[in-house]
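Student: Got a structure here, written out as structure tokens. Questions coming.
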Amino acid sequence: MEGVITCFHPKCVSLPIRLSPLSRVSSLSQLRNRNSLSSSRSIPQRSLRVSSSSSDTLIAGGSSKEEERKSKVLSRKEGDDSEDLKYWLDKNGLPPCKVLLKERPAHDQNHKPIHYVAASEDLQKGDVAFSVPNSLVVTLERVLGNESIAELLTTNKLSELACLALYLMYEKKQGKKSVWYPYIRELDRQRGRGQLDVESPLLWSEAELEYLTGSPTKAEVLERAEGIKREYSELDTVWFMAGSLFQQYPFDIPTEAFTFEIFKQAFAAVQSCVVHLQNVSLARRFALVPLGPPLLAYCSNCKAMLTAVDGAVQLVVDRPYKAGDPIVVWCGPQPNAKLLLNYGFIDEDNPYDRIIVEAALSTDDPQYQDKRLVAQRNGKLSQQVFQVRVGKEKEAVQDMLPYLRLGYMSDPAEMQSVISSQGPVCSMSPCMERAVLDQLADYFMRRLAGYPTTLKEDDALLADPSLNPRKRVATRLVRLEKKMLAACLVATVDLLNELPDTTISPCPALYAPSLK
């Protein structure tokens, strides 16, 4: 390895770390003792309510004749001219498939049960569960009439999600006249909820967002909400630019037809069910697929994906299922914070979960430019984001140390030696190494102290079966974040304990790098 950024790691003993709930700590001296660590769309119902099927089980296709008969009987009970999702899909060309719609009760008894896609028969790995024709899939290509307009809009001030949300809001105003009425009704029923009965935090109240105190996710939610507000202000531009919308709704200017709150709810609902298709044109890459999310449950360790094939979007299962089992699909390599923000759920077994640590060299440092060049030579930036992946916390700490050591260097002669070095560089003095590790340990302690609860208190909350779903999913998120931070702190304290002289005082540093 070459350069200062990838060398002079102190030797460390590999010790298994098993953390029980971490109690809040107030000083580094407490942590030097390992024992102290082990104690420790939907389219908004308010705008236009539409009735939903009252059946206990809805059939999505490919079921037995008896189930088909029950489905038709249930459809007739809904009203003279209403259609359930199964009947609508069948009538519009859905091929026979191997799934059905089942339901589970919602936490709030005032809300209708949550529908989900389940296997209608035993499935084997590699079976095609269903194949939805493109005629039943909503994409920008369909919404905006032609691909060139779709590309123009999505590379400008509006996202694909905003365009899709606007389209479905207009279609919902058509009521039963809309060709998408049965699908919109199903989205209304789901209310933007994921399979944990939770909406995106974008739709939470201010008081409910306090459940995320201490987590960077809270700021991300507020930032996303501001972005949605900016997109709302651009909706009229879409209406004027997209001829298909202008011709179909000539008198309904978007910001006059829909309030911001309605648009935000529609945006969050579309966000929860949109599918990102691979190897398709820009105008088709974001799609709303009946039988897709939120009716399908997301799973982080699943490999099955909705895939664009000739004339359709299909799902090939990646594991065997028994009849009645919920069908799951991969949600992509997203950390839990993104899963909550986008889909309203948390995956405890998410192998892609991570937190970030942002470090930056001091721009006041007279040697800033030299340090920036050394950092770039070793693949780092003057403002560097470090990914702390679950189960890899010790490796993440080791990755941060050379960058922090570089920031602490003050002797110009040593700096020139580092710049000209083509091989390993000698380690820093014990007092400087102590200063680097102290800063890192203090940083992890501050982040842990920023949460209003300890891990032990989180566990007590989660043991309460009456805990409301939003607080439960938020508590699960912050608990997982705290476990990663605690593991980083343990790794840092281990390195402090391995210093030759643990009583030595840290060297002062005028231009220490910042951590946030």
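The values are calculated or read from the model by the stated rules, or taken from the named source; none is laboratory data. Everything numeric here is computed off the predicted structure, so don't read it as measured data. All Cβ positions, glycine included, derive from the backbone under ideal geometry; neighbour counts span all protein chains shown. Side chains included, ligands, DNA and RNA excluded: accessible areas come from the protein's heavy atoms. Shrake-Rupley method; radii C 1.70, N 1.55, O 1.52, S 1.80 Å.
Student: May I ask you to list the residues in region 266-286 that are under 18 Å from the mean Cα position of the chain (by Cα) and over 20 Å from Val198 (Cα atoms)?
Tutor: His276, Leu277, Phe286
Student: A further question follows. If we scan region 327-339, do we find a residue that is more than 17 Å from the chain's Cα centre (by Cα) and aromatic (Phe, Trp, Tyr)? I'd like the intermediate steps shown before the answer.
Tutor: Residues of region 327-339 that are more than 17 Å from the chain's Cα centre (by Cα), as a first pass: 327.
Remaining after also requiring aromatic (Phe, Trp, Tyr): none.
No: zero hits.
Student: Can Ala463 be described as modelled with pLDDT of 95 or more, surrounded by fewer than 18 Cβ atoms within 10 Å (Cβ to Cβ) and more than 25 Å from Glu414 (Cα to Cα)?
Tutor: Yes; evaluated as a whole, the condition is true for this residue.
Student: Scan region 329-388 for residues that are closer than 17 Å to Lys516 by Cβ and aromatic (Phe, Trp, Tyr) and jot them down.
Tutor: Of everything in region 329-388, just one residue is closer than 17 Å to Lys516 by Cβ and aromatic (Phe, Trp, Tyr), namely Phe386.
Student: Select, from Leu339, Leu361, the only residue that is modelled with pLDDT of 95 or more, of a type outside the set (Asp, Glu) and closer than 30 Å to Tyr443 by Cβ.
Tutor: Leu361
Student: Looking only at region 309-327, which residues are part of a strand (DSSP E or B) and buried (at least 21 other Cβ atoms within 10 Å of the Cβ)?
Tutor: Val313, Leu315, Tyr321
Student: Continuing with this model, one more query. Can you tell me which residue within region 342-364, out of those that are of a type in the set (S, T, N, Q) and in contact with a Pro (Cβ under 9 Å, 6 or more places away or on another chain), is most open to solvent (accessible area, probe 1.4 Å)?
Tutor: Looking at residues that are of a type in the set (S, T, N, Q) and in contact with a Pro (Cβ under 9 Å, 6 or more places away or on another chain), I get Ser362.
Student: Condition check: in contact with a Ser or Thr (Cβ under 6 Å, 6 or more places away or on another chain), of a type in the set (A, V, I, L, M) and closer than 21 Å to Gly311 by Cβ. Does Val99 satisfy that? Please lay out each step first, then the result.
Tutor: Values: in contact with a Ser or Thr (Cβ under 6 Å, 6 or more places away or on another chain): yes; of a type in the set (A, V, I, L, M): yes; closer than 21 Å to Gly311 by Cβ: yes.
In short, yes.
Student: Which residue pairs have Cβ atoms closer than 6 Å, lie 6 or more positions apart in sequence or on different chains, and pair a first residue in region 138-165 that is surrounded by 20 or more Cβ atoms within 10 Å (Cβ to Cβ) with a second residue that is modelled with pLDDT under 80 and part of a loop (DSSP other than H, G, I, E, B)?
Tutor: Leu144/Ala242; Ile149/Ala242
Student: Another question, if that's okay. Go through region 458-516 residue by residue and tally those that are in a helix (DSSP H, G or I), out of contact with any Phe, Trp or Tyr (no Cβ under 8 Å at 6 or more places or on another chain) and more than 30 Å from Glu206 (Cβ to Cβ).
Tutor: Qualifying residue count for the region: 8.
Student: Something else about it: Does Leu187 qualify as being open to solvent by less than 60 Å² (accessible area, probe 1.4 Å), at pLDDT below 95 and out of contact with any strand residue (DSSP E or B) (no Cβ under 7 Å at 6 or more places or on another chain)?
Tutor: Against the criterion (open to solvent by less than 60 Å² (accessible area, probe 1.4 Å), at pLDDT below 95 and out of contact with any strand residue (DSSP E or B) (no Cβ under 7 Å at 6 or more places or on another chain)), Leu187 qualifies.
Student: Are there any pairs with C-beta distances below 8 angstrom linking a residue in region 376-398 that is within 17 Å of Val418 (Cα to Cα) to a residue that is β-branched (Val, Ile, Thr) and loosely packed, with under 13 Cβ neighbours inside 10 Å, with the two at least 6 apart or on different chains, and if so which?
Tutor: Ser382/Thr363
Student: Among the candidates Glu231, Glu256, single out the residue that is open to solvent by 40 Å² or more (accessible area, probe 1.4 Å), in a helix (DSSP H, G or I) and more than 23 Å from Tyr183 (Cα to Cα).
Tutor: Working: Glu231 fails: open to solvent by 40 Å² or more (accessible area, probe 1.4 Å).
When all the criteria are applied, what remains is Glu256.
Student: If you don't mind, there's one more thing I want to ask. Of all residues being modelled with pLDDT of 90 or more and touching a Pro at 6+ places or on another chain (Cβ under 7 Å) in region 78-93, which is most open to solvent (accessible area, probe 1.4 Å)? Just the residue, please. Spell out how you get there, then give the answer.
Tutor: Of all residues in region 78-93, those modelled with pLDDT of 90 or more come to 89, 92-93.
Keeping just the survivors that are touching a Pro at 6+ places or on another chain (Cβ under 7 Å) gives 89, 93.
Working: Leu89: 1, Gly93: 43 Å².
Here the residue is Gly93.
Student: List the pairs whose first member sits in region 206-224 and is farther than 15 Å from Gly344 by Cα, whose second member is of a type in the set (A, V, I, L, M, F, W, C), and whose Cβ atoms are under 6 Å apart, counting only residues at least 6 apart or on separate chains?
Tutor: From residues that are farther than 15 Å from Gly344 by Cα, the pairs are Ser215/Val478.
Student: Search region 500-516 for residues being β-branched (Val, Ile, Thr) and surrounded by 11 or more Cβ atoms within 10 Å (Cβ to Cβ), and hand back the single one that is farthest from Val388 (Cα to Cα).
Tutor: Going through the qualifying residues, I end up with Ile504.
Student: Which residues, counting only those in region 350-364, are in a loop (DSSP other than H, G, I, E, B) and either over 15 Å from Leu381 (Cα atoms) or small (Gly, Ala, Ser) (or both)? If you could, list the steps in order and put the result at the bottom.
Tutor: Here is the first cut: in region 350-364, the residues in a loop (DSSP other than H, G, I, E, B) are 350-353, 361-364.
Result: Asn350, Pro351, Tyr352, Asp353, Ser362, Asp364.
A quick yes/no check of all residues on (1) of a type in the set (Ser, Thr, Tyr); (2) open to solvent by less than 60 Å² (accessible area, probe 1.4 Å); (3) assigned to a strand (DSSP E or B):
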| residue | (1), (2), (3) |
| --- | --- |
| Pro366 | no, no, no |
| Gln369 | no, no, no |
| Arg372 | no, no, no |
| Val388 | no, yes, yes |
| Leu401 | no, yes, no |
| Ser417 | yes, no, no |
| Val436 | no, yes, no |
| Gln439 | no, yes, no |
| Tyr451 | yes, yes, no |
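Student: Got a number for residues in region 328-341 being over 19 Å from Gly391 (Cβ atoms) and open to solvent by 40 Å² or more (accessible area, probe 1.4 Å)?
Tutor: 1
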